[in-house]
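Novice: Structure incoming, see below.
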Amino acid sequence: MVNVTFNGNVTFQAAAGETVTITITAPDGTNTTLTAATAANGSFATTPAPYTVLGTYNYTVTIPADTQYQAATATGTFAILGPRTITVTVTTA
């Protein structure tokens, strides 16, 4: 399990408290939606969420249009990789 937090910044926001929506698609095709509110400086962060399915995830971050600014969207990927171990046996003669 890996905890993932999304952090970002919205430029030209009208006011603090605007809702940013993050949609995450897991490697198995399931979708999860998170939301975060913007701070006065435009920053936002989600609460850490656990991810257990190994592989590459796709995400889309959106903020809707308001009376002053257009909607904005950002996309990307991240990967959850499984642990790896090495076992060594040493034999002496």
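Novice: Take the conditions touching a residue at least 60 places away in the same chain (Cβ under 8 Å) and of a type outside the set (A, V, I, L, M, F, W, C) and apply them to G17. Does it pass? Working first, answer last.
Specialist: Working: touching a residue at least 60 places away in the same chain (Cβ under 8 Å): no; of a type outside the set (A, V, I, L, M, F, W, C): yes.
The answer is no for G17.
Novice: Please count how many residues of region 14-26 are out of contact with any Phe, Trp or Tyr (no Cβ under 7 Å at 6 or more places or on another chain) and either under 20 Å from Y51 (Cα atoms) or among the polar types (S, T, N, Q) (or both).
Specialist: Within region 14-26, the first condition is being out of contact with any Phe, Trp or Tyr (no Cβ under 7 Å at 6 or more places or on another chain), and the residues that meet it are 15-19, 21.
So of that shortlist, the ones also either under 20 Å from Y51 (Cα atoms) or among the polar types (S, T, N, Q) (or both) come out as 19, 21.
Total meeting the criteria: 2.
Novice: What tally of residues in region 35-47 results from selecting those that are hydrophobic (A, V, I, L, M, F, W, C) and either loosely packed, with under 13 Cβ neighbours inside 10 Å or not in a strand (DSSP E or B) (or both)?
Specialist: Final tally of qualifying residues: 3.
Novice: Ok, one more. Quickly run through region 8-34 and pick out the residues that are under 14 Å from T73 (Cα atoms) and assigned to a strand (DSSP E or B).
Specialist: G8, N9, T19, V20, T21, I22, T23, I24
Novice: If we keep just the residues of region 68-78 that are out of contact with any Pro (no Cβ under 9 Å at 6 or more places or on another chain) and without any contact (Cβ under 8 Å) to a residue 60 or more places away in the chain, which is nearest to V4 (Cα to Cα)?
Specialist: Filtering region 68-78 for residues that are out of contact with any Pro (no Cβ under 9 Å at 6 or more places or on another chain) and without any contact (Cβ under 8 Å) to a residue 60 or more places away in the chain, the one nearest to V4 (Cα to Cα) comes out as T77.
Novice: Follow-up. Within region 48-93, which strands (runs of 3 or more DSSP E) (wholly inside it) include 1 or more residues that are within 21 Å of the chain's Cα centre (by Cα) and modelled with pLDDT of 95 or more? Give the steps one after another, and end with the answer.
Specialist: Numbers: elements: 49-51, 55-63, 72-80.
Here the list reads 55-63, 72-80.
The values are calculated or read from the model by the stated rules, or taken from the named source; none is laboratory data. It should be emphasised that the depicted structure is a prediction, and the values quoted were computed from it without experimental measurement. Using ideal geometry, Cβ is built from the backbone for each residue, glycine included, and neighbour counts are taken over all protein chains shown.
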